Amino acid sequence: MNFKMFTVLILLLHVLVLIADTAVPPPPSCAQEWFPKEGWIEQPSPYSSPYAKRGGKLAIWGSAVPKSLNALLDNNSFSSQVFYMMYETLLGRDPVTADYAPNVASEWSVSPCCGKVFIFKIDPAAKWSDGKPITAEDVLWSFNAIMNPKHLTGPYKIGLATFLEIPPVILDERTIKFTAAEAHWRNLGTIGGFPILPKHCFEGKDFNKINFDFPVVSGPYMLSGMKENISLTMKRRNDWWQSERPANKNLFNFDFIEYRFHTDRENAWEVFRKGGFDLYPIYSARIWVQEIKGERFDKNWIVAKAINNNKPIGFQGFAMNMRREPYNDVRVRQALAHLLDRPTMNSTMMYGQYFLHKSYYEDLYDENNPCLNESYDYNPAKAVKLLDEAGWKINPATGWLEKNGKQFTITFLSNDSGTTDKFIALYRADLEKVGIQLKIERKDWAAWSRDMDSYNFEMSWCAWGAGLFKDPEGMWYSKHGAVDGGVNITGFSNARVDELIDEQKSCFDLARRNEICREIDGIVAKECPYILLWNTSSTRLLWWNKFGVPEKILSKYGNEDDAIVYWWYDEDRAEALDWAQQNGAVLPLPYFGN
């Protein structure tokens, strides 16, 4: 089953017939448990459509040109999406239950007594695009490439590190055994979720320079062409080894996926309105409320739809580098949070379309588990008090806050060309009222990414996605703040949080893990490593009315990326759209089920 295999974190984020290891046989009390369970039958995804057809092209916004398409080296959502269209993982996810399901591995086993030993058996049909079989050697080589200290694969090393102490063992050409040093609820997802690369293609090459050339792949798409700073095209493989599996029926229907690069979101919006590409997710309340009007929309040439499902909710905020002064002082961080006028921004700039973050794990709260975190409401008086307690005093001669003769000046690192300036301008004005200066340092995406990977910043706007199963380690565990290229970009460190993270590692009870994450969330919120911003639980989409879409449009946990997986090009709709534009006619909207 290949449920959104490219959604890393996402759902990468998160095998195997037992073959006895004659050298070290498992004790009888630790007999391997086999999966899938006997009687399991692979089913088509209920989110696909029986009316889907193969062919055509989907052109979508590709944001900025990444520094690499190798998601193991460049940890961003765009590179991950592209990379996981080309390379597969041992395990997939069931789109309904989110349980593990076959992918490259057709079978797997887990030792139930300790949860540390995992055996994966590779599907005999699994092969690379050059016709060579995917083998246990490929799995081992990929694992070793990720864990090589010289390779810039920081985020992936975190979960896989536990499998280093006892080296993986190849049992035969298609079978490999991994043993974890400690029991951890995420172990199966981690070892079953890293991308498998072809050893025969990349062995001997400088891994840190494998960025844009991927001649041998295993997934449903491969690179077709890239025009520098303009576009990237992916081509569907007619010989994909998984194409006839029931789980993939009516999925991956487009012959071509074309990403059009536009660093500036506002520019991308204008290009989309003129037909420059086909699908545009809306992240701007102004566009959604004020600009979806006119002939294109009134006559349904462009479809607008907000979809609510069970997708995990991430967070966004102004990240502060706690490794540097004055951001290493919690009073300063809290003061800076109280100086951001989020209610005014939401009501005047975003038409009240968003909820204001109180949590880093918003979807862990409900009526039975209300969020009690402080919301850091706009409160300049409280901010001034906190700054005074932290030793920052106004210099009467300059009007700026100073401490030990140093003026309080924030350098805000931005990869945005100006669309967020209205928010920064209001924040800067409120900062200046209490004596703090803010300067913007603009860099392109690649340079911004390099600075963030090396933690060369003071403050920056960052947005994070979320997974179904919360794993706080990468972002909040102290030791990961010292590893370049990780996701603990703020350098967060708290002894109690470390204890809680250690506790949840060996907890296989999801409800209890969620309780632990809520406690971690409360501590992190009080420590204020980010100035939290806002979010929406819906996915707002615009698309030109020439595609077939399933009744539910997106899957249970999916976002706009689902269009690549579930939608299809509809020739009749495309012809109708052309005719309607030429004749000023109204088109019928697609049918949307409940």
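Some points to look at:
- Flag set for residue 196, criterion: closer than 22 Å to residue 72 by Cα, open to solvent by less than 10 Å² (accessible area, probe 1.4 Å) and among the hydrophobic types (A, V, I, L, M, F, W, C).
- Enumeration of residues in region 305-325 that are closer than 14 Å to residue 491 by Cβ and open to solvent by 10 Å² or more (accessible area, probe 1.4 Å): 322, 323, 324, 325
- Among the residues listed as 282, 287, 302, the single one being crowded, with 20+ Cβ neighbours inside 10 Å, over 23 Å from the mean Cα position of the chain (by Cα) and hydrophobic (A, V, I, L, M, F, W, C): 302
- Candidates 357, 338 - the one that is within 29 Å of residue 412 (Cα to Cα) and either among the β-branched types (Val, Ile, Thr) or under 27 Å from the mean Cα position of the chain (by Cα) (or both): 357
- In the set (1) within 25 Å of residue 315 (Cα to Cα); (2) charged (D, E, K, R); (3) open to solvent by less than 50 Å² (accessible area, probe 1.4 Å), the condition left unmet by residue 428 is number (3).
- Among residues of region 475-486 that are over 21 Å from residue 360 (Cα atoms), those with a beta-carbon under 6 Å from a residue that is open to solvent by 30 Å² or more (accessible area, probe 1.4 Å) at least six positions away or on a different chain give the pairs 484/453; 484/454.
So that you can scan it fast, the table gives a plain yes or no per residue for (1) basic (Lys, Arg); (2) within 30 Å of residue 483 (Cα to Cα); (3) modelled with pLDDT of 95 or more:
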{"site": "104", "(1), (2), (3)": "no, no, yes"}
{"site": "109", "(1), (2), (3)": "no, no, yes"}
{"site": "139", "(1), (2), (3)": "no, yes, yes"}
{"site": "142", "(1), (2), (3)": "no, yes, yes"}
{"site": "150", "(1), (2), (3)": "yes, yes, yes"}
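- Residues of region 366-386 that turn out to be over 19 Å from residue 431 (Cβ atoms) and either over 30 Å from the mean Cα position of the chain (by Cα) or open to solvent by 90 Å² or more (accessible area, probe 1.4 Å) (or both), as a count: 3
- Top-ranked residue in region 166-188 [being in a loop (DSSP other than H, G, I, E, B) and under 21 Å from residue 135 (Cβ atoms); ranked as least open to solvent (accessible area, probe 1.4 Å)]: 174
- Condition met for residue 580 (in contact with a Leu (Cβ under 7 Å, 6 or more places away or on another chain), open to solvent by less than 20 Å² (accessible area, probe 1.4 Å) and farther than 30 Å from residue 317 by Cβ): yes
- Those strands (runs of 3 or more DSSP E) of region 66-133 in which at least 1 residues are hydrophobic (A, V, I, L, M, F, W, C) and surrounded by fewer than 24 Cβ atoms within 10 Å (Cβ to Cβ), considering only elements entirely within it, cover 100-102, 105-110, 117-122.
- Extreme residue, modelled with the lowest pLDDT, among residues of region 456-467 that are of a type in the set (A, V, I, L, M) and open to solvent by less than 50 Å² (accessible area, probe 1.4 Å): 466
- Boolean, residue 410 is assigned to a helix (DSSP H, G or I) and modelled with pLDDT of 95 or more: no
- Sole residue being more than 22 Å from residue 331 (Cβ to Cβ), buried (at least 20 other Cβ atoms within 10 Å of the Cβ) and at pLDDT below 95, chosen from 444, 421, 471, 453: 471
- Residue check for residue 431: touching a strand residue (DSSP E or B) at 6+ places or on another chain (Cβ under 6 Å), assigned to a strand (DSSP E or B) and aliphatic (A, V, I, L, M): no
- Helices (runs of 4 or more DSSP H) wholly inside region 276-390 that include at least 1 residues being modelled with pLDDT of 95 or more and within 22 Å of residue 433 (Cβ to Cβ): 330-338, 380-389
- Remark: pairs (first residue in region 407-427, closer than 18 Å to residue 455 by Cα; second residue open to solvent by 40 Å² or more (accessible area, probe 1.4 Å) and assigned to a helix (DSSP H, G or I); Cβ separation under 7 Å; 6+ apart in sequence or on different chains) = 415/445.
- Cβ-Cβ contacts under 7 Å between residues 6 or more apart (or on different chains), taken from a first residue in region 448-470 that is closer than 21 Å to residue 534 by Cβ to a second residue that is β-branched (Val, Ile, Thr), are listed as 459/410; 461/420; 462/489; 465/10; 466/313; 467/10.
- Looking only at region 49-65, and only at residues there that are part of a loop (DSSP other than H, G, I, E, B) and under 19 Å from residue 546 (Cβ atoms), the one that is most open to solvent (accessible area, probe 1.4 Å): 51
- Members of region 540-594 found to be within 24 Å of residue 283 (Cα to Cα), of a type in the set (Asp, Glu) and outside any helix (DSSP H, G or I), listed by number: 551, 560, 561
- Every test in (1) open to solvent by less than 10 Å² (accessible area, probe 1.4 Å); (2) in a loop (DSSP other than H, G, I, E, B); (3) polar (S, T, N, Q) is passed by residue 537 save one, and that test is (1).
- Condition check for residue 551: more than 18 Å from residue 307 (Cα to Cα) and either at pLDDT 95 or above or open to solvent by 60 Å² or more (accessible area, probe 1.4 Å) (or both): no
- Among the candidates 243, 224, the residue that is assigned to a loop (DSSP other than H, G, I, E, B), among the small types (Gly, Ala, Ser) and either over 24 Å from the mean Cα position of the chain (by Cα) or surrounded by fewer than 16 Cβ atoms within 10 Å (Cβ to Cβ) (or both) is uniquely 243.
- Enumeration of residues in region 482-517 that are open to solvent by 50 Å² or more (accessible area, probe 1.4 Å), assigned to a helix (DSSP H, G or I) and under 21 Å from residue 330 (Cα atoms): 482, 495, 496, 499
The values are calculated or read from the model by the stated rules, or taken from the named source; none is laboratory data. Since this is a predicted model, take the numbers as computed values, not measurements. All Cβ positions, glycine included, derive from the backbone under ideal geometry; neighbour counts span all protein chains shown. Only protein heavy atoms, including side chains, enter the accessible area calculation; ligands, DNA and RNA are left aside. Shrake-Rupley method; radii C 1.70, N 1.55, O 1.52, S 1.80 Å.
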